[in-house]
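Before any comments, here is the structure.
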Amino acid sequence: MTNYTTIVFDCDGVVLHSNKVKTEAFYQATLPYGEAAAQAMVDYHVANGGVSRYKKFAHFLEQIAPNHTTQQGPDLEALLQAYASYVREGLLSCEVAPGLEALREQTPDARWLIVSGGDQAELRDVFAQRGIAEWFDGGIFGSPDTKDEILARELSSGNIQQPALFLGDSKYDHQAASAAGLDFVFLSGWSEVVDWKVWVNEEQLRHYFDIDSAFNHEID
């Protein structure tokens, strides 16, 4: 990993132990529509890791809520606000990936970026408050732009220079990295991908438990 010019990190489940934070936030935000609708939202969220909250809540209102309840609940803006409130508290307190600071010290010439499905303004604020924003000298990027859009833009501008590596924990991370021509490593430790071992074997992916084990080449 120290041979790359650029290292791109997903946030949730890679840099921050925040997947469970966001799963619970989706449940709580949609609970006014009933427990069945909220659980369906969680199932959809877990199955679509890396997709932005905007698209997930739009899908909820269009496809999930009408099938589970006739009661009127929060609109899109209210759902987004409730979700953001739950998430912010969790992001400020959850664990930062072991080995991240050591890797930054070992890759002083590499450009680091965050490319996340999380809200961009929220991520930048949280990273600044936690004192790790400066490690990501290539920028911290998130929704409403998609990962595909962000990677294409940053490649085009020259901000991402090859050889480049994407560290992710979802199938969408792999798809986005492949489409952009970046190498990919899957981190399983905090991932919510079901049956990930089958998937990584089918795709023949490099995989490690977390950043620390990837840096030390400990195969998961």
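Could you go through the stretch 135-148 and let me know if any residue there is more than 23 Å from Lys22 (Cα to Cα) and assigned to a helix (DSSP H, G or I). Yes, the stretch 135-148 contains at least one residue that is more than 23 Å from Lys22 (Cα to Cα) and assigned to a helix (DSSP H, G or I).
Here Leu61, Leu92 are screened, and the one residue that is in contact (Cβ under 8 Å) with a residue 12 or more places away in the chain and surrounded by fewer than 16 Cβ atoms within 10 Å (Cβ to Cβ) is Leu92.
Take the residues in the stretch 91-131 that are more than 28 Å from Pro144 (Cβ to Cβ) and aliphatic (A, V, I, L, M); name whichever of them is nearest to the chain's Cα centre (by Cα). Applying the filter and picking the extreme gives Leu103. Once the stretch 182-202 is narrowed to residues that are closer than 22 Å to Thr146 by Cβ, open to solvent by less than 30 Å² (accessible area, probe 1.4 Å) and not in a helix (DSSP H, G or I), the residue that is modelled with the lowest pLDDT is Val193. Could you say whether any residue in the stretch 174-181 is open to solvent by 20 Å² or more (accessible area, probe 1.4 Å), of a type in the set (A, V, I, L, M) and in contact with a helix residue (DSSP H, G or I) (Cβ under 9 Å, 6 or more places away or on another chain)? Yes: one or more hits. The sole residue among Asn67, Asn48 that is closer than 30 Å to Pro163 by Cβ, open to solvent by 20 Å² or more (accessible area, probe 1.4 Å) and of a type in the set (S, T, N, Q) is Asn48.
Could you list, in sequence order, all residues of the stretch 1-13 that are assigned to a loop (DSSP other than H, G, I, E, B) and either more than 9 Å from the chain's Cα centre (by Cα) or farther than 15 Å from Asp210 by Cβ (or both)?
Start the filter on the stretch 1-13 by keeping residues that are assigned to a loop (DSSP other than H, G, I, E, B), which leaves 1-5, 10-11, 13.
Selection gives Met1, Thr2, Asn3, Tyr4, Thr5.
If only one of Leu80, Leu103, Leu151 is out of contact with any Phe, Trp or Tyr (no Cβ under 7 Å at 6 or more places or on another chain) and open to solvent by less than 60 Å² (accessible area, probe 1.4 Å), which one is it? Walk me through how you get there before you give the answer.
Working: Leu80 fails: out of contact with any Phe, Trp or Tyr (no Cβ under 7 Å at 6 or more places or on another chain); Leu103 fails: out of contact with any Phe, Trp or Tyr (no Cβ under 7 Å at 6 or more places or on another chain).
Leu151 is the lone residue from the list that is out of contact with any Phe, Trp or Tyr (no Cβ under 7 Å at 6 or more places or on another chain) and open to solvent by less than 60 Å² (accessible area, probe 1.4 Å).
Checking each residue of the stretch 34-43 against the condition of being within 18 Å of Ser170 (Cβ to Cβ), of a type in the set (A, V, I, L, M, F, W, C) and without any contact (Cβ under 8 Å) to a residue 24 or more places away in the chain gives at least one match.
Here the helices (runs of 4 or more DSSP H) wholly within the stretch 14-70 that include at least 3 residues being modelled with pLDDT of 95 or more and not polar (S, T, N, Q) are 19-30, 35-47, 53-59.
The values are calculated or read from the model by the stated rules, or taken from the named source; none is laboratory data. Owing to the predicted nature of the structure, the values given are computational and were not obtained by experimental measurement. Counting neighbours? That spans all protein chains shown, and the Cβs are built from the backbone with ideal geometry, glycine included. To get the accessible areas, we keep the full protein, side chains included, count just its heavy atoms, and leave off ligands, DNA and RNA. Shrake-Rupley method; radii C 1.70, N 1.55, O 1.52, S 1.80 Å.
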